[in-house]
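Student: Would you mind keeping the following structure in view while I ask a few things?
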Amino acid sequence: MPVTRRSFLQFLFYSFTFLSTGCSDDKAREIEDFDINAVVAEKTFSSFLNVIFPFHLPGFRNFSHELHKRLKRLKKHETEVIINAYQLFKEKYVPFGEESVSKGEKILSRLLKDKTTEEQTNRALDIIYDNISKLRGFGHSLWGREYSKAGEMCQYWESYDKAP
Amino acid sequence: MNRTFDICIVGSGITGSIVADHFLSKGLSVVMVERGKNAYLPQSARELWHERWEKISDNPLITKNSWKGASEYFDDLVEIENVNSDFAFHYNMKYGLGGSGAVWSAASWRLTPQDFQTKSLFGYSRDWPFTYDDLAPYYDKVEEMFFTSGPKEEPSWPWKNNYTYPPFKQSYLDKVVSKIFAPEFEILPNAFSVKNIPPSEGGCIGSKTCVRYCPTEAVFRPQIHLLDKHLNNPRFNLIMGAPCMKINLKKERSLESITILQDDAKRDIRAKYFFLAANTIENLRILHNSKDTGNGPVADSSGLLGSFFASHGALVTSVITEPILYTGRGRPTTSSAINTLNHGERDRINAYMMEIWNFDWNIALSPIAVFRTFRAKERHWGRTLFEKTREADRRFAATLIFELEMRRDNKVTLSKVKDKFGLPLAKVDFTLGLRDKETFDYLRELTNLIKKKDKIVDIQIKGYGLNGNHPLGGYVCGEDPNNSVVDGYMRSHDHANLYILGGGAFNSTGALNPTHTIAALALRAVNDRRIVF
Ligand SMILES: Cc1cc2nc3c(=O)[nH]c(=O)nc-3n(C[C@H](O)[C@H](O)[C@H](O)COP(=O)(O)OP(=O)(O)OC[C@H]3O[C@@H](n4cnc5c(N)ncnc54)[C@H](O)[C@@H]3O)c2cc1C
């Protein structure tokens with residue numbers, strides 16, 4: 001079931017109380033209702049990811065697809081963190097006019113500056129960036145060339161004195 | 001045990017191994033006592049350069065070095081007390097077979113001829129009791145023994161060399177930086193004790209991890225390249241995991257034995273000649289902890305034991321250029337600016353040089369690591385995180401290494417705090433002198449000059465302080481027993497069968513990595529004609 005605004009607010013409340021009181025079976029079931037597959041399929045979620053990393057740039061488009069796959073396989077507690085942050089983002093993003101990266105950036109920036117949302121947003125970003133950095137071939141694309149791994153032979157040992 | 005060995009060596013690092021190799025090759029009996037164990041090194045290089053410093057007692061100035069995973073490889077890590085915290089010395093010596101030589105990055109410089117005479121030429125530090133030319137034949141031997149790679153002759157080098165192998169190619173980054181930094185900095189290939197032969201023959205492969213771990217053993221390591229061949233020699237006794245606690249004298253003040261701790265029990269080891277090769281500060285700890293006949297420390301009739309302590313100053317910068325540098329290719333570093341060693345203002349400011357690194361190790365070594373670092377440390381996100389990561393391909397670390405004046409007031413004594421064996425920690429009391437401060441200010445100004453250069457986007461000072469790898473002075477050498485601790489052959493003026501090796505015998509720091517000189521001094525010591533059997 002997709003996350004509704006109500007269930008999301010409930011989650012915020014519960015997650016806070018769980019920290020101090022522990023989690024009853026009923027409440028645990030509600031959290032399981034978060035459906036990462038449905039969230040990832042949303043168009044706005046792709047926009048959210050594009051704000052987090054410019055996947056729309058040439059050379060990076062395929063990575064967003066790979067990232068979706070990875071996010072779908074995350075552990076439950078990580079999924080929750082991401083969905084929560086995404087909901088905060090989406091609330092501000094969708095209702096007012098056109099979608100755009102710069103608009104998304106402003107919203108994310110505000111979430112990161114606001115004391116009530118900062119920690120939660122950063123936690124979600126950390127999980128997403130950790131997963132981005134594990135995407136195969138991502139490192140090479142970042143610098144647009146092969147790079148040498150620590151402890152192994154330099155990729156450019158014969159020609160490191162020249163531009164690649 | 002009543003056996004008397006010909007030679008007793010404390011420490012199995014670079015100097016200890018040179019001594020062992022020399023006397024074993026002559027058929028003499030050698031006992032080597034090593035505090036650490038044969039516990040090296042990561043098979044994968046998870047942590048490469050960065051040392052962390054942990055507070056270990058209520059005294060905030062008592063620190064212990066560590067690096068990620070260190071406890072897996074070392075059973076023991078160096079602790080030290082600093083009296084002055086503003087320019088603290090975070091001693092980085094490693095206990096274990098090979099000592100610091102098991103992790104050194106093998107930049108292999110000679111000191112300049114002027115470095116041996118700074119007092120008479122420029123009025124600071126101390127003159128050495130011999131000249132560059134006297135030491136040059138030993139430098140030649142070290143270069144052979146350490147299979148050093150480097151250029152034989154460079155017009156602006158103040159010396160000639162006898163390197164075994166040609167220099168490593170300068171990286172593309174070095175060449176670009178060279179153009180940008182000219183004419184103030186002349187960037188030339190470094191010398192390294194690393195085999196520059198094809199990888200298939202055991203040469204360097206540019207793995208970027210050689211400080212901690214060289215997959216091909218192309219870096220000179222004392223335990224591998226000097227000790228290994230003697231391990232089955234019945235005349236060689238290697239005792240590991242056994243700290244030397246003190247030195248014991250006979251009535252006529254020559255050394256009779258050392259006391260070690262082995263399996264929690266004290267044991268005395270007797271020999272004809274003793275070589276302290278435990279690295280500068282550890283040598284001083286042992287000497288300070290031992291009693292001479294007059295009850296003062298051993299080897300201290302001059303009252304100078306521990307005095308004239310110094311290291312190199314270091315100013316670490318991060319530089320961003322307009323052109324892409326394609327960082328992280330080749331060796332971690334291949335070039336330095338060394339035209340600054342004998343600069344015209346040495347009567348006012350100290351010598352300095354600049355090491356060029358082929359990546360910005362203030363951030364990380366690979367795009368993924370850079371990406372992670374910018375996220376974790378600076379909390380960047382989105383386009384900024386992406387652009388910063390891209391920008392890292394235009395960044396490198398430039399480290400300004402500078403000479404420090406050796407001054408009597410800067411000294412190493414014993415702390416009240418003891419280590420786990422009951423040996424008092426070393427206490428370092430160090431302040432910058434006037435010249436040092438002026439040099440430091442001058443170098444900070446120099447970074448402003450670099451900032452204004454064409455094609456430089458930014459230069460940031462990332463840190464500065466005393467180099468923890470290069471402890472120098474503390475048992476200065478000289479001909480006059482009232483004004484020095486050891487003579488020109490590193491023999492104690494007070495005790496005829498005691499040689500004290502390592503950087504502690506330096507009379508000026510120079511601005512170049514010291515180990516080639518430390519090794520040359522060790523070779524000079526073992527060739528002292530007064531050693532007779
Ligand atoms: C990370 C790093 C990088 C470096 N890179 C360079 C470089 O590029 N170029 C350069 O010129 N220099 C470099 N150095 C410095 C170089 O390693 C030292 O100058 C050199 O190893 C000193 O040799 P040594 O024999 O005096 O001491 P070490 O090699 O440190 O050996 C001392 C030995 O004594 C043992 N010991 C200590 N106390 C006792 C005791 N009480 N009883 C018994 N044994 C004891 C220790 O365990 C150790 O094995 C580097 C050092 C480090 C740490």
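The values are calculated or read from the model by the stated rules, or taken from the named source; none is laboratory data. Please read all numbers here as calculations on a predicted model, not as lab measurements. For neighbour counting, all protein chains shown are included, and Cβ atoms are generated from backbone atoms with ideal geometry for every residue, glycine included. Note: areas computed on protein heavy atoms with side chains; ligands, DNA, RNA excluded. Shrake-Rupley method; radii C 1.70, N 1.55, O 1.52, S 1.80 Å.
Student: Answer yes or no as to whether B:LYS451 is modelled with pLDDT of 95 or more, open to solvent by 10 Å² or more (accessible area, probe 1.4 Å), touching a helix residue (DSSP H, G or I) at 6+ places or on another chain (Cβ under 7 Å) and more than 15 Å from the ligand (Cβ to nearest atom).
Tutor: Spelling it out, it is not the case that B:LYS451 is modelled with pLDDT of 95 or more, open to solvent by 10 Å² or more (accessible area, probe 1.4 Å), touching a helix residue (DSSP H, G or I) at 6+ places or on another chain (Cβ under 7 Å) and more than 15 Å from the ligand (Cβ to nearest atom).
Student: So in the stretch B:181-229, with the set limited to residues that are open to solvent by 20 Å² or more (accessible area, probe 1.4 Å) and in a helix (DSSP H, G or I), which one is farthest from the ligand (Cβ to nearest atom)?
Tutor: Within the stretch B:181-229, the match that is farthest from the ligand (Cβ to nearest atom) is B:SER200.
Student: Can you find even one residue in the stretch B:472-486 that is near the ligand (Cβ under 10 Å from one of its atoms), open to solvent by 10 Å² or more (accessible area, probe 1.4 Å) and assigned by TED's automatic domain parsing to the domain that holds B:TYR132?
Tutor: The answer is no, given that none of the residues of the stretch B:472-486 is near the ligand (Cβ under 10 Å from one of its atoms), open to solvent by 10 Å² or more (accessible area, probe 1.4 Å) and assigned by TED's automatic domain parsing to the domain that holds B:TYR132.
Student: Residues in the stretch B:294-310: is at least one within 12 Å of chain A (Cβ to nearest Cβ) and over 30 Å from A:ILE128 (Cα atoms)?
Tutor: No, the stretch B:294-310 has no match at all.
Student: Something else about it: Looking at the stretch A:36-70 only, could you name the residues that are small (Gly, Ala, Ser) and assigned to a helix (DSSP H, G or I)?
Tutor: A:ALA38, A:ALA41, A:SER46, A:SER47, A:SER64
Student: Mind checking which residues of the stretch A:112-150 are more than 7 Å from every other protein chain (Cβ to nearest Cβ) and hydroxyl-bearing (Ser, Thr, Tyr)?
Tutor: Across the stretch A:112-150, the qualifying residues are A:THR116, A:THR117, A:THR121, A:SER141.
Student: Kindly indicate the residue of the stretch B:243-267 that is among the hydroxyl-bearing types (Ser, Thr, Tyr) and either crowded, with 18+ Cβ neighbours inside 10 Å or within 15 Å of the ligand (Cβ to nearest atom) (or both) and also farthest from the other protein chains (Cβ to nearest Cβ) among those meeting that condition.
Tutor: The residue in question is B:SER257.
Student: (1) facing chain B (nearest Cβ under 7 Å); (2) in contact with a Gly (Cβ under 8 Å, 6 or more places away or on another chain); (3) crowded, with 17+ Cβ neighbours inside 10 Å: which one isn't true of A:MET153, the others all being true?
Tutor: Only one criterion in (1) facing chain B (nearest Cβ under 7 Å); (2) in contact with a Gly (Cβ under 8 Å, 6 or more places away or on another chain); (3) crowded, with 17+ Cβ neighbours inside 10 Å is unmet by A:MET153, namely (3).
Student: Let me ask another. Could you tell me which residue of the stretch B:512-533 is most open to solvent (accessible area, probe 1.4 Å), considering only residues that are within 12 Å of the ligand (Cβ to nearest atom) and in a loop (DSSP other than H, G, I, E, B)?
Tutor: For the stretch B:512-533, the residue satisfying everything is B:ASN513.
Student: Within 16 Å of the ligand (Cβ to nearest atom), open to solvent by 20 Å² or more (accessible area, probe 1.4 Å) and in contact (Cβ under 8 Å) with a residue 12 or more places away in the chain: which single residue out of B:MET93, B:MET145 fits that description?
Tutor: None of the other options fit; the residue is B:MET145.
Student: State whether the residues of the stretch B:425-434 include one that is of a type in the set (Val, Ile, Thr), more than 15 Å from the ligand (Cβ to nearest atom) and away from chain A (no Cβ under 14 Å).
Tutor: Checking the stretch B:425-434: at least one residue is of a type in the set (Val, Ile, Thr), more than 15 Å from the ligand (Cβ to nearest atom) and away from chain A (no Cβ under 14 Å).
Student: Quick check on my filter: what residues within the stretch B:236-254 are part of a strand (DSSP E or B) and either more than 28 Å from the chain's Cα centre (by Cα) or on the phi > 0 side of the Ramachandran plot (or both)?
Tutor: Filtering the stretch B:236-254 for residues part of a strand (DSSP E or B) gives B:236-240, B:244-249.
Matches in the stretch B:236-254: B:ASN248, B:LEU249.
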